2 protein chains.
Amino acid sequence: MIEANPERVLRDLHCLRGIGAFRTGVHRPTYSAEDMRTRHWLADRLAALGHAAEIDGIGNVLGRAPAKGRIVLGGSHLETQNEAGWLDGALGVVFALEAARAVAEAGGPGGVDVIAFADEEGHFGSFLGSRSAFGAVDEATLDAATDRTAGTPLRQALAAAGLAGRPRLRLDPARYAGFLEAHIEQGGSLEKDGLRLGIVTGIVGARTFRIACAGQQNHAGTTRMADRRDAGVSLRAVAARLEAGAAALAGPLTVWTIGMMRLDPGAQSVVPGFAEMLFQFRDTDARILAAIEAMVRETVAGADAAGPCRVTLHGPSHASEPAAMDPALMAALEAAAEARAPGMHVRMPSGAGHDAQIAAGHMPAAMLFVPSIGGISHHWSEDTAEADIALGAQVYVDAVARVLAAG
Amino acid sequence: MIEANPERVLRDLHCLRGIGAFRTGVHRPTYSAEDMRTRHWLADRLAALGHAAEIDGIGNVLGRAPAKGRIVLGGSHLETQNEAGWLDGALGVVFALEAARAVAEAGGPGGVDVIAFADEEGHFGSFLGSRSAFGAVDEATLDAATDRTAGTPLRQALAAAGLAGRPRLRLDPARYAGFLEAHIEQGGSLEKDGLRLGIVTGIVGARTFRIACAGQQNHAGTTRMADRRDAGVSLRAVAARLEAGAAALAGPLTVWTIGMMRLDPGAQSVVPGFAEMLFQFRDTDARILAAIEAMVRETVAGADAAGPCRVTLHGPSHASEPAAMDPALMAALEAAAEARAPGMHVRMPSGAGHDAQIAAGHMPAAMLFVPSIGGISHHWSEDTAEADIALGAQVYVDAVARVLAAG
């Protein structure tokens, strides 16, 4: 057995926590100075380990192991949501770094390439770094991309980060036995069930649509109810139909969310002339996604035809397909989990998106989850018990070793 | 008969239109430089007419007629909503100015005091100017008031406008035969019915409540539907109940509006942890207002008790009582309207609030409406046909003359 060094793992995680610290979490938007410091930190550590380390033209950090034999690709991402948690992304990168070190220290067999994909958190796009590494992002996409908050052009941000002009790396799937990504669960299932490890069976696909209603803005005192075309009233009726429709079509793991709704101009004495909302749904079952999408299109068209407001569908602004994890890699993770924590693991889907879903289109991929305290993520208070981090690191190293030894 | 001078009325209105012009409308928030220019413009014209003119410590402009005998108080307001129309407020001030001039030129009988109440549009409060003029605003209220958009303290705005330290005027109801306010309708009823003048029977009372839902913010991918406390879902359910409840209790003229609704943090992939909306309702019938308010309180309490979110009621942030117009003044307006435009007038309630509702608590008060093209107001495209402005000015002057002659 190859032993992980839990003190080293925690030391690295706390080191990253100190870069862009925000309360007990971190604030490291993609290509910020703090984000770039973590990328250089990782590249330095990989180089010190004897890996061929590089930071590419989109910020992906890759360290190629100098080993012979089978190679596993491990990693996750380093940037964070705004004012977010210290483990989302960083945990998977440090676990992979630890696996690379432990395997190297043990003299193999094989080796571990470590990657930190850029912008998994989507400040500038959707999985820009991992999609770029598999050849799915063209230059025109980069030309058009902007920061979702400030609107800064991606090209400008890359130049400010010192990345302009660098080539973008391409991963060669033939080099790898597979991609293994560890991550916090970002939900409360493991904690609620008293379990410590999740073996991800598949990553949900998602669709986000924007639905807009255009009515007639009017004075809320002088416009009779019968004369109104209130965009908010119409939009809420559509929302109710979408939620009921999704519930009727849902499987046990389907989720749907109206995360944003706003009325324009949004004043107490004005009948809203315009209203919009975002409707998102996720499932690991592509047929359910398709059925809900059809229901959305039908509902919006029906509301538009019925009047009195114009109701339009826009998007999907975000669309990803469900990704199944590789059975052999899942078996390696499960065997490792059972050996270190018998009965404390479960197979489960991932409701959140991850770079592993991009990798799964090109090579075997799998994911290991550790519990999130209180199910909290994308918030600075996000946390995981140290014992769970240590166990997760060991099981991850064990699984990597099993895959490397299987060749 | 005392004849109004329609050219003079239109010239004055266009002069005011040029102060703070925005497209075809105007932008004159209370105490802005443009707003203050209109107040000085009015005070200068009143002084030129021989009136004792003053601008008081809250920006009210009053010109006292040097006449003997009965005195009518006429006017409205000069500031506007942001990027709003040229006639809302200004029309009533100019009609009163024209009445003062026409009556003075005719040698009476009696005279017309002209007032422009400050901040009818509520940038800093609710009817601050008219309430102040009737003694209903204390210094502590002024200390606490801030601009609803920028948050600028009222005291700071008054100082910048050169009004700090000036005394606030008090109107003496005993001086007046009544208050007559002309205004655009701000609705489409007159136009739709092919009429040219409205005799206001009463001004609606209004209540605005804020309803807040506190749930649990969570990741929209990883949080199962059964585990959610989605503040937006809860708030929309409350909205549906409030709208159905108001419809069940409504009279023929009741209106209710959700003008603002927002979800927090308002992102596609986040289950909203907080949501809020504004619910406003208006009627001329105080019993209906009371019944709807009771329904609102009961609905919110019931939703809070039912869970899963905390639902709370705040306010009313705005509450005004219905105000009946004075029968004798209404009769004077109606007789004047019938004499100049037989069959082209109607008795109607005002769905919007006006300074006349404050005045009505202290003296006889009445209002005359002219049509709004397309029912549009609080928007720069607000307009009224010139012929309707001219007719309205003449009927207003006639009604004032009838009241002055009645003594």
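The values are calculated or read from the model by the stated rules, or taken from the named source; none is laboratory data. Please read all numbers here as calculations on a predicted model, not as lab measurements. In this analysis, Cβ positions are derived from the backbone assuming ideal geometry, glycine residues included, and neighbour counts consider all displayed protein chains. Please note that ligands, DNA and RNA were not included when accessible areas were found on the heavy atoms of the full protein model with its side chains. Shrake-Rupley method; radii C 1.70, N 1.55, O 1.52, S 1.80 Å.
Couple of notes before you dig in:
- Cα-Cα P(r), the stretch B:228-277, percent of pairs per 10 Å interval: 25, 42, 23, 10, 1
- All-pairs Cα distance distribution in the stretch B:77-134, expressed in whole percent, bin size 5 Å: 4, 20, 20, 20, 15, 12, 6, 3, 0
- Hydrodynamic radius (Kirkwood) for the stretch B:271-380, which is based on Cα pairs only, to one decimal in Å: 17.7 Å
- Per-residue 3J(HN,Hα) values for the stretch B:182-191, derived from phi via the Karplus relation 6.51 cos²θ - 1.76 cosθ + 1.60 with θ = phi - 60°, read 8, 7, 5, 5, 6, x, x, 5, 4, 4 Hz in sequence order (x marks Gly and Pro).
- Distance in nm between pseudo-label sites at B:His318 and B:Ala159 (7 Å out along the Cβ direction from Cα): 2.9 nm
- Taken along its principal axes, the alpha carbon cloud of the stretch B:198-355 reaches lengths of 73, 28, 24 Å, longest axis first.
- Per-residue average of Cβ from other chains inside 10 Å of A:268-275: 6
- Label separation (B:Ala294 vs A:Ala290): 5.6 nm, computed from points 7 Å beyond Cα along the C-beta direction.
- Once the Cα gyration tensor of chain A is diagonalised, semi-axes √(5λ) in Å: 42, 23, 19
- Percent accessible area from carbon and sulfur atoms, chain A, protein chains only, probe 1.4 Å: 54 percent
- The stretch A:114-190, accessible area per residue, ligands and nucleic acids excluded (1.4 Å, Å²): 37 Å²
- Cα Rg, Dmax, the stretch B:143-264, angstrom units: 23.3, 71
- Label spacing, shortest first and in nm, from A:Glu298 to its equivalents in the remaining copies (7 angstrom along Cα→Cβ): 3.8
- Rounded if a/c under 1.5, otherwise prolate or oblate - the stretch B:160-199, Cα gyration tensor axes: oblate
- Value of [θ]222 nm, deg cm²/dmol, for the protein assembly as shown, DSSP H segments ≥ 4, -39500 (n - 2.57) each, nearest 500: -11000 deg cm²/dmol
- Taking a Cβ cut-off of under 11 Å around B:Gln217, the surrounding Lys, Arg, Asp and Glu residues balance to a net charge of 0, with basic ones at +1 and acidic ones at -1.
- Inter-part distance, the stretch A:255-329 to the stretch A:69-133, computed on C-alpha centroids, equals 32 Å.
- For the protein assembly as shown, the mean projected area of the C-alpha convex hull, equal to one quarter of the hull surface, is 37.4 nm².
- Other copies of B:Arg23: label-to-label distances in nm, shortest first, labels 7 Å along the beta-carbon direction: 4.2
- Calculated label separations, A:Leu10, copies of the chain, 7 Å along the beta-carbon direction, nm: 8.5
- Gaussian network model of chain A, springs between alpha carbon atoms under 10 Å - residue of A:Ala220, A:Ala336, A:Ala43 with greatest fluctuation: A:Ala220
- Gyration tensor verdict on the stretch A:1-105 (Cα atoms; rounded if a/c is under 1.5, prolate if a/b is larger than b/c, oblate otherwise): oblate
- Among A:18-29, B:55-66, the order from most to least packed when residues are scored by Cβ within 10 Å on average: B:55-66, A:18-29
- Kyte-Doolittle at least 1.0, axis length at least 18 Å by Cα - qualifying DSSP helices, chain A: A:90-105, A:231-249
- Spread of Cα-to-Cα distances over 5 Å intervals beginning at zero, given as percent, for the stretch A:175-236: 3, 11, 14, 11, 7, 7, 7, 7, 8, 8, 9, 6, 2, 1, 0
- Segment B:Thr24-B:Ala301, extension gain: residue separation times 0.36 nm, minus the distance between their alpha carbons: 95.1 nm
- Chains A and B together, accessible area buried on both sides, 1.4 angstrom probe, square angstrom: 3700 Å²
- In this structure B:Asp172 has an accessible area near 90 Å², from a 1.4 Å probe over the protein heavy atoms.
- D_trans [Stokes-Einstein, Kirkwood Rh over alpha-carbon pairs] for the stretch A:106-213, 10 °C, 1.306 mPa s, µm² s⁻¹: 91 µm²/s
- Between the stretch A:203-241 and the stretch B:369-398, the alpha-carbon center distance in angstrom: 31 Å
- Calculated accessible area for the stretch B:218-354 comes out at 39 Å² per residue, all protein chains present (probe 1.4 Å; ligands, DNA, RNA ignored).
- Normalising by residue count, the stretch B:346-407 has a Cα convex hull of 112 Å³ per residue.
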